[in-house]
Structure formats: structure tokens, C-alpha cells
1. Could you check region 25-35 and list, in sequence order, the residues that are open to solvent by 60 Å² or more (accessible area, probe 1.4 Å) and closer than 17 Å to Asp95 by Cα?
2. Go over the candidates Tyr77, Tyr38 one by one and state the one that is open to solvent by 60 Å² or more (accessible area, probe 1.4 Å), in contact with a Lys or Arg (Cβ under 7 Å, 6 or more places away or on another chain) and within 14 Å of the ligand (Cβ to nearest atom).
3. In the list Tyr112, Tyr64, which residue meets the criterion of being open to solvent by less than 90 Å² (accessible area, probe 1.4 Å) and over 11 Å from the mean Cα position of the chain (by Cα)?
4. Do we find a residue being closer than 21 Å to Asp22 by Cβ and within 14 Å of the ligand (Cβ to nearest atom) anywhere in region 103-111?
5. Within the group Ala48, Ala89, which residue is at pLDDT 95 or above, surrounded by 11 or more Cβ atoms within 10 Å (Cβ to Cβ) and within 13 Å of the ligand (Cβ to nearest atom)?
6. Can you work out which of the residues in region 64-85 that are touching a helix residue (DSSP H, G or I) at 6+ places or on another chain (Cβ under 9 Å) and not charged (D, E, K, R) is nearest to Ile46 (Cα to Cα)?
Amino acid sequence: MSEGVYRYHIVQHSLTLHRRGDARLDLARAALGQEFIYEAPLDIVICALYQRITLDYGSRGERYAHIEVGHAGQNIYLQTSVLGLATVAIGAFHDEQVREVLRLDKQYKPLYIMPVGKSA
Ligand SMILES: Cc1cc2nc3c(=O)[nH]c(=O)nc-3n(C[C@H](O)[C@H](O)[C@H](O)COP(=O)(O)O)c2cc1C
């Protein structure tokens, strides 16, 4: 894979290139300079689309998105551990800056950044 920001498509279970180039430094800056975001070879950014989940669940959908991001994050911890890698859940970042770096529409709410790499 070439350097870039990739979008995950849930239905096709596939990735497509969304933005070319290494965005890690800008992403780390958007997250108060947390350097492991820049150092890790991969950063997984999980976003909520509240408009979509509240279609099914009404206003409780927001709550469900927050619960589910915890599940997804836990699965990333488990999978990285199985692969002999490491991760850490990052919640401290500026939403708007993360959206700018990733070129995301305003409706996407970034909830977690999870750098994945070898443990120091
Ligand atoms: C919702 C949430 C957000 C967090 N945000 C950050 C963060 O921005 N930066 C950070 O270093 N740790 C953050 N943490 C804590 C780390 O994920 C981790 O739990 C902590 O660093 C302890 O890891 P350790 O037990 O491996 O040392 C967050 C934890 C949670 C649950």
C-alpha cells in the first residue's frame, strides 16, 4: 500500500485511497502533538456518523455510537496483541483539525485515534 489516508467501507469490507501522502505529522499536531501518532506506521481513526445511526435508533443512536467505538477499540487492542503489536486509545484531539487533515465532511465526528505499531 502507498502512503495515504484510506477509507474503510463496511459493506464491501474494503479500503480505498482517500488522500494521497503521509498525514501522520499533521494528525499528531491535531492531537496536541502526541508523537506516537507520528511514529506509528498506522493510525486508525474511528469516526461516528450520527445522522446514520440515529435514523435507526433515534437520539439513543449517539449513545450507541459511543458504546460501539469502545467495542471496536477493544477489538483493535485484541488484534494488535495477537499480532505482537501495540496500540493505545487516543481521545485528546481537535475534531475540526482531524477532519481537515483527513479531508472529512463535517458530519464525521472523530472519536478515537488508535496508532498501531511495535511496542517501544
Ligand atoms: C476515551 C479515552 C481517551 C484517551 N485519550 C488518551 C490520549 O489522548 N492520550 C493518551 O496518552 N492516553 C489516552 N487515554 C489513555 C490510554 O488509552 C491508555 O489507557 C493509558 O495510556 C494507559 O495505558 P497503559 O496502561 O498501557 O500505560 C485515553 C483513554 C480513554 C479510555
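The values are calculated or read from the model by the stated rules, or taken from the named source; none is laboratory data. This is a predicted model, so every value here is computed, not measured. Note that we place each Cβ from the backbone using ideal geometry, even for glycine, and neighbour counts take in every protein chain shown. Remember, those area values only see protein heavy atoms, side chains included, never the ligands or the DNA or RNA. Shrake-Rupley method; radii C 1.70, N 1.55, O 1.52, S 1.80 Å.
1. Correct list: Leu25, Asp26, Arg29, Leu32.
2. Step by step, each of Tyr77, Tyr38 is checked, and only Tyr38 is open to solvent by 60 Å² or more (accessible area, probe 1.4 Å), in contact with a Lys or Arg (Cβ under 7 Å, 6 or more places away or on another chain) and within 14 Å of the ligand (Cβ to nearest atom).
3. Tyr64
4. Scanning region 103-111 turns up at least one residue that is closer than 21 Å to Asp22 by Cβ and within 14 Å of the ligand (Cβ to nearest atom).
5. Step by step, each of Ala48, Ala89 is checked, and only Ala89 is at pLDDT 95 or above, surrounded by 11 or more Cβ atoms within 10 Å (Cβ to Cβ) and within 13 Å of the ligand (Cβ to nearest atom).
6. Among those residues, the one meeting the criterion is Ala65.
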